[in-house]
Amino acid sequence: MKPIKLVLNAFGPYAGRVEIPFAHFGEGGLFLITGDTGAGKTTVFDGIAFALFGEVSGSTRTVEGLRSDFASPGEKTFAELTFSHQGKEYRVVRNPGYQRPKKTGEGFTSERPDADLFLPGGQVVSGAAKVTAQITDLLGVDARQFKQIAMIAQGEFLRLLLADSRERAEIFRKVFGTGRFLQLQQQLKEQERALFAEREENARGILQYLGGAQVETPEFDLDSREIAAAPKMLGLLSEEIAAGETRWKELRRQLQEAQEQEQQLALLEDQAKRQEETLAALEETRRELERLTAQGDEIARQGKELALYQRVEAHSGEYASWKREEAEQREAEAALARAKTALAKKEEELPALQEALRREEEGEPLRRELQEKIARLSPQLPVYRQVEELEREKKEREKELTQWRSDTAALAGQEEETSKVIAKLEGELETLFGAEAALVEVEHAIAEKKKLWQKAAAAKEDCAALRDQNRRLKEAQQRFRQAQEDFSGKRARCDQLEDQFLQAQAGVLAGSLREGEPCPVCGSLRHPRPAQMPGGAPGEEDLKQARQERERASAAAQEASLEAGKLDAKSKAMVEALRRRVEELFPEDPAGGKLSALMERITTCIAGAEEELARLEKKKESLSSQVRRRGEGLAELSAARSRKGELERQRQETQARQEAASSQFAGVESRLRELTSHLEYPSRQQAEQVLCAWEEDLGAACRKLEESQKALAATEKDLYFLRAVWEEAARREQEAARKAQSARAVFLAGLVADSLTEEGFAAYMDRGEEFAQVQQQLNQYQLALAAAQEREKTLAAHSGEGKVMDREELSARLALARETRARLAAAERAEDTRLTHNRSAYDKAQVLFRQRGELDRRYAMVRDLSRTASGELPGKQKIAFEQYVQAAYFGQVVERANLRLDSMTGGRYQLLRKEQAADLRSQSGLELDVLDHYTGRVRSVRSLSGGESFKAALSLALGLSDVIQSHAGGVQIDAMFVDEGFGSLDSESLEQAISALASLAGGNRLVGIISHVAELKERIEQKILVKKGSSGSSVEVVGG
């Protein structure tokens, strides 16, 4: 790729269209971009990078700032690059997103990012993302690789040279994309940790399950902390489970026999008790029948009285209809009276309204006079406004004339003051030379101290986390003890409920009896009084719930035990991690000691690092201020020189404008005199006040006439409506009187037909609540009598006369059976609980033991892979997988860099990559030294002088560009751009650097340099001169 022409429009400091014809420099060679500070030299590089990839060339600027502050609102911002690649010509046009004024209306609108790529065959690719993808595919590099190959950005020369291994690894990770190798290392390390923790958890689980088993064999008392004993313990536990199953089956058989005998005896005892209760209930029922029979006469009398009330109640609807019609008649009479009153009142208002309308109609001549005055004065108001505008313009012209006279005098004084500022700035800049190199050294020292501080802070956090973890471990152990106590309580409660349940089995057996089916105890087909469950006895659901609670408590105890074991393992792992971090932090003395002492030691380290950082930050602030001030001074000097020329031009313009303002002022005075000679009033305000008063009087008169007309019309309409209302009210009153008379006649006729009088109706009509109670009492009596007769019949049939059972003998036999059953149930439960517990422990331990073999195999494989990839094999060189790959790339970079450093330094210096670290504890492979062939000594690259450092950094950057280009698939980039950095070189070094770049530009390669150095301006004939102005920068191409 080689640029042919670049067009920038409203881009950076360029207000309008700027064209840079790179084809003017030929097929290859050096060219220089020079000009004032801030004029827009680096913007040329930004334009190329943005046109191709939508990004700027450096790391400190952003695409959002590309819109020119000098551009007019309607000017579009874009970059257009024409370039050749592999013998074909391409053109790309791209614009950034920015805010611009709306073409219609007020406010702003957003200009969306867009791009177009014009291909050699006439095809066009549109869209910012599509164009970027097409160019990336065409050139074979993306934006990041292009900037690393073709653009060495301002301020980034020394970064790669002076970086330590960690910083250089981060640079290479971005440049060569080696992050995937680091991710592989991290993934292997995480897998190793996860498998180690899983093995520890597996061992704890096996030993915990086996340790909780209940085995009385002496050989089973082995050390449960040894996982090697697990196979033997599993065998002994299996034998114990088999023996327990045999014992439990025998106890279960004996218990079932005892339960059946107890149930039969409980059923017989309950039948004897129910026989006694039935005979007593029969006697009580016969006494109740005698009492109800004695109440018969009173019940008959109440029935007759109730029948008479029901006849009266049948006429209550006719009575209510009569009273309702009477109420409607009274309401109609009241409505008729109201309508008559409203009509009379409205008729009284009519004459006064007619008189008011007549008076308003007599004022018509006055209204016409006001209309004529308004028509005469209204057209004069625009003339008054013209006079006011001319008076304001007269004041502005007079003020403008005075200002131009003052500005002419002020500009002469500013010219003299600017000359003094230029002399002062030139002296100040001489004292600030060399601050940039010192700032780079201080920034590197700060980065090192920050890394130390971050390590210490992380170690301090690990200490605090370990303290919290130990606290959580103690809490988990306490929860395990509480869960164990809860399990013991739940087990005891379950045993108690099982005893009570077995004692209530007679009631359970009676619950399954059906009439007509034989009893399993006595054989009877009738069951008049089946046994009931004794009070407080648990049911099967209660017993089932108690057993579930016992099992949950047992599971909770096991879970709490597992949790405590996990936390214990995590604490040990955290101790190991803290030990490794302390070894990294204090490699000379990694001994940890107590946690509190270690915390104090780490805190002291943090404090020392913070104190040193504070000192370095102060120094950095001072140097940054000097560097910043030098840049500001250069900009101020350039601005002052430009301003001096600008002031002279402005003074000449001011004198011309002063003369024009004087002529305009005289013209405004002449027009004012002509307009004011034809006006009635001295000012527009007075004319408007008179006009407003006339308009108000006319409006008031018109409103009064209209209101009188509306009031009379409304009153006449109301009279018509009220007369209609009065007529309708009279008709309704007559109709209501007729309906009331008719309803009374119907009511009296009904009473006569039912042999009732009006007085008799009145005597019974208000006793509804009383007779409702009588009806309820009669119903209750009938129900009670029928129920007593049915109950006496049923009890007589089920009394069982002539056959009485011995209840005392049955109770004694039942007590003995219950004692036997309880003893067998307790033994069966104890054996079942132990058997269930042992089965669970065996099954869970067996599952974990089968998993352990596969875990051991996987852990050994992953551990070896992880340590190899992380460079942690004992006794081996500490070089991780990613650093191994980066070292290979770095070796190629150093080899290419030395080819140029040799010519730049006259064969004195050679860069060397360290193959071995100082000890086997440190990572290696990316350290860099320099060999001085004059002395034969190898020393640090930091010992190089400022000029030597620049040449080494430039060589390294060019070598990096070569390697990236070769690893990008042999891409063809026939252009390179270098931004600043030559000011620290002496004449000889500068000549060597230029010769190296010239050799790089030989043949078909174009190399551009940005610099202020005067010798470069003389040495390089082909130049792009960037000039700064008050309305934006401009470009001039020289040479070629």
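The values are calculated or read from the model by the stated rules, or taken from the named source; none is laboratory data. This structure is a prediction, so every number in the text was calculated from the model and none was measured. Neighbour counts run over all protein chains shown; Cβ positions are idealised from the backbone, glycine included.
So, S110, is that one loosely packed, with under 12 Cβ neighbours inside 10 Å, of a type in the set (S, T, N, Q) and not in a helix (DSSP H, G or I) or not? Yes, satisfied. Test A897 against the stated conditions and say whether it is part of a helix (DSSP H, G or I), aliphatic (A, V, I, L, M), under 30 Å from V963 (Cα atoms) and without any contact (Cβ under 8 Å) to a residue 12 or more places away in the chain. Criteria not met by A897.
Would you mind stating whether R385 is charged (D, E, K, R), closer than 30 Å to A711 by Cβ and at pLDDT 80 or above?
Working: charged (D, E, K, R): yes; closer than 30 Å to A711 by Cβ: no; at pLDDT 80 or above: yes.
In short, no.
Among the residues of segment 114-135, those identified as without any contact (Cβ under 8 Å) to a residue 40 or more places away in the chain and either of a type in the set (S, T, N, Q) or not assigned by TED's automatic domain parsing to the domain that holds M1 (or both) are Q123, S126, Q134. Yes or no: segment 522-545 includes at least one residue that is at pLDDT 70 or above, on the phi < 0 side of the Ramachandran plot and basic (K, R). Among the residues of segment 522-545, at least one is at pLDDT 70 or above, on the phi < 0 side of the Ramachandran plot and basic (K, R), which makes the answer yes. Among the residues making up segment 392-402, those that are under 60 Å from the mean Cα position of the chain (by Cα) and either surrounded by 15 or more Cβ atoms within 10 Å (Cβ to Cβ) or within 20 Å of K644 (Cα to Cα) (or both) are E393, E400. Taking the listed residues E416, E361, E372, the one that is exposed (fewer than 13 other Cβ atoms within 10 Å of the Cβ), under 30 Å from F721 (Cβ atoms) and more than 60 Å from the chain's Cα centre (by Cα) is E361, with no other qualifying.
Scanning segment 732-770 for residues that are of a type in the set (S, T, Y) and modelled with pLDDT of 75 or more gives S742, T757. Only one entry in L679, L672, L698 is in contact with a Phe, Trp or Tyr (Cβ under 9 Å, 6 or more places away or on another chain) and aliphatic (A, V, I, L, M), namely L679. Within segment 66-87, the presence of a residue that is within 36 Å of the chain's Cα centre (by Cα) and at pLDDT below 85 is excluded.
For first residues located in segment 763-791 and closer than 19 Å to S316 by Cα, partners that are surrounded by fewer than 12 Cβ atoms within 10 Å (Cβ to Cβ) and lie 6+ apart or on another chain with Cβ distances below 6 Å do not occur.
Just name the residue that is farthest from the chain's Cα centre (by Cα) out of those in segment 317-341 that are small (G, A, S) and either more than 26 Å from L712 (Cα to Cα) or loosely packed, with under 15 Cβ neighbours inside 10 Å (or both).
If we filter segment 317-341 for residues that are small (G, A, S), which is where we start, we get 317, 320-321, 327, 332, 334-335, 337, 339.
Subsequent filtering for residues that are either more than 26 Å from L712 (Cα to Cα) or loosely packed, with under 15 Cβ neighbours inside 10 Å (or both) retains 317, 320-321, 327, 332, 334-335, 337.
Working: G317: 73, A320: 73, S321: 74, A327: 72, A332: 73, A334: 73, A335: 71, A337: 76 Å.
It comes out as A337.
Of the residues that make up segment 921-929, is at least one over 48 Å from the mean Cα position of the chain (by Cα) and either modelled with pLDDT under 80 or assigned to a strand (DSSP E or B) (or both)? So far as segment 921-929 goes, yes, one or more of its residues are over 48 Å from the mean Cα position of the chain (by Cα) and either modelled with pLDDT under 80 or assigned to a strand (DSSP E or B) (or both). A search for C-beta distances below 7 Å between a residue of segment 307-331 that is over 20 Å from F771 (Cα atoms) and any residue that is surrounded by fewer than 16 Cβ atoms within 10 Å (Cβ to Cβ) and among the acidic types (D, E), counting only pairs 6+ apart in sequence or on different chains, returns nothing.
Matching residues to (1) without any contact (Cβ under 8 Å) to a residue 40 or more places away in the chain; (2) in contact with a strand residue (DSSP E or B) (Cβ under 7 Å, 6 or more places away or on another chain); (3) buried (at least 23 other Cβ atoms within 10 Å of the Cβ):
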position	(1), (2), (3)
F11	no, yes, yes
A23	yes, yes, no
G28	no, yes, no
T34	no, yes, no
G47	no, yes, yes
L66	no, yes, yes
G74	yes, no, no
V93	no, yes, no
